[in-house]
Amino acid sequence: MDYQRFFSEAIDQLHAERRYRVFADLERIAGAFPRALWRANGQSREITVWCSNDYIGMGQHPDVIAAMQEAAGRMGAGAGGTRNISGTTHPLVELEAELADLHGKEAALVFTSGFISNEASISTIARLLPDALVLSDELNHASMIEGVRRSGAEKKIFRHNDLAHLEDLLKSAGRERAKLIVFESVYSMDGDIAPIAEIADLADKYNAMTYIDEVHAVGMYGARGGGITEREGLAHRIDVIEGTLAKAFGVIGGYISSSAAIVDAIRSYAPGFIFTTALPPAIANAATASIRHLKNSTVEREAHQRQAERTKDVLRAAGLPVMPSQTHIVPLLVGDPELCKRATDRLLEQHGIYIQPINYPTVPRGTERLRITPTPFHSDALIETLRDALLETWETLGIPFDETEQPAAASSGRVIPLVVSKSGG
């Protein structure tokens, strides 16, 4: 049997569907964010990154870098193993205390990534509840989908942010059955926000647990960076708040915050936590420094929101097809996978601007887009440079400016692939 053929054919299929992904060889320049070095064909060139999830540049904040260096010099590079085998390094204890405080919860638990925190926590909660029914928003991240699958519990998918549909499903399940509603606060491909208060009302009415993914909101919303739930005064109404250390906090890792009993149960039963080497102490120390800074500083959040809104305004005024967004996400509709890839290639090669194409299955066919994420460090001049580069690219490639000229979009219903979903992690 020619085993290699199966893998080659799988890759050939991605090429045929214009879905094959190519990674740019980038080296971020500390102190010069969002500038980076792009290496290709034996050459190096300085470019501007417009699609980083390091939303407010904390990955290069002097306090965060200093905390990482100090801990590495004092305790070494690695954690030495799982927390069950090697114990818990003190920086992790401090980090979990900061996270519990951030969300006003009794406890928190740190994982090696946001993907793992969702997969391990959702699957464990639903598995421990008797005869659980999981109700999942159709646009939930792949990590949440995987957690639901691994739980083995019955699941029902409700239409995106559709409260009437969710209530129908809750009502049909009955008040006595164990139920877990899993959803996100900010959906990262469209930039829209869940109706959190109304979902919490339904959970109260039908006796359900709530689990919210705040990965695209922590650090950026709320008086102390606790996310949309903090901004709207709703953290106390959500049973489990999940977040990441890899986006606004600028490091890596994922976490949950909840009651002491729920956190302890996940710590004790989740294979994704039990059998995984812990985050290195230097990473934990850096994350704690970032969280502490953002609890006390609003400068980054205010500048971030200002530049995100300015980017939307400038691109819209130029006639570019900016899709509706309630948040810092700036999606620009292309509507064709090949044009999307050609646009990003041209922006990088001709204009020194890096924006990754977003194609199916991350988004439905016909809604292919560029996902732009302005930061406080994208100045007004950089925004104008971006506008001019996008206009030149749209005109050169013949990409429609008007959304009504786009190819018919696929159904907005969630397409759930085997292993690939929305970007993140």
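The values are calculated or read from the model by the stated rules, or taken from the named source; none is laboratory data. Every value quoted in this text rests on a predicted model; they were computed, and no experiment measured them. Here the Cβ positions follow ideal geometry from the backbone for every residue, glycine too, while neighbour counts run over all protein chains shown. The area values use the complete protein model at the heavy-atom level, side chains included, leaving out ligands, DNA and RNA. Shrake-Rupley method; radii C 1.70, N 1.55, O 1.52, S 1.80 Å.
So the values come out like this:
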{"item": "Which listed residue, of G227, G243, G222, G233, is in contact with an Asp or Glu (Cβ under 6 Å, 6 or more places away or on another chain) and open to solvent by 10 Å² or more (accessible area, probe 1.4 Å)", "result": "G222"}
{"item": "Of the criteria (1) closer than 30 Å to A142 by Cβ; (2) open to solvent by 70 Å² or more (accessible area, probe 1.4 Å); (3) not aliphatic (A, V, I, L, M), which one P62 fails", "result": "(1)"}
{"item": "Test: residue in the range 299-308 that is in contact with a Leu (Cβ under 7 Å, 6 or more places away or on another chain) and either assigned to a helix (DSSP H, G or I) or in contact (Cβ under 8 Å) with a residue 12 or more places away in the chain (or both)", "result": "yes"}
{"item": "Options A261, A303, A308; residue that is surrounded by 20 or more Cβ atoms within 10 Å (Cβ to Cβ) and aliphatic (A, V, I, L, M)", "result": "A308"}
{"item": "Some residue of the range 15-30 being open to solvent by 90 Å² or more (accessible area, probe 1.4 Å), more than 22 Å from the chain's Cα centre (by Cα) and among the aromatic types (F, W, Y)", "result": "no"}
{"item": "Scan of the range 26-41 for residues that are touching a strand residue (DSSP E or B) at 6+ places or on another chain (Cβ under 6 Å) and not in a strand (DSSP E or B), ordered by number", "result": "I29, P34"}
{"item": "Matching residues, the range 325-342, being among the charged types (D, E, K, R) and part of a loop (DSSP other than H, G, I, E, B)", "result": "D336"}
{"item": "Unmet requirement for T367, which otherwise passes all of (1) crowded, with 22+ Cβ neighbours inside 10 Å; (2) assigned to a helix (DSSP H, G or I); (3) touching a Gly at 6+ places or on another chain (Cβ under 8 Å)", "result": "(2)"}
{"item": "Residue within the range 377-388 that is farther than 30 Å from T298 by Cβ and not in a loop (DSSP other than H, G, I, E, B) present", "result": "yes"}
{"item": "Selection within the range 98-146 - in a strand (DSSP E or B) and under 16 Å from G243 (Cβ atoms)", "result": "A107, A108, L109, V110, F111"}
{"item": "Candidate set: the range 35-49, residues that are among the polar types (S, T, N, Q) and on the phi < 0 side of the Ramachandran plot; chosen: the one surrounded by the most Cβ atoms within 10 Å (Cβ to Cβ)", "result": "T48"}
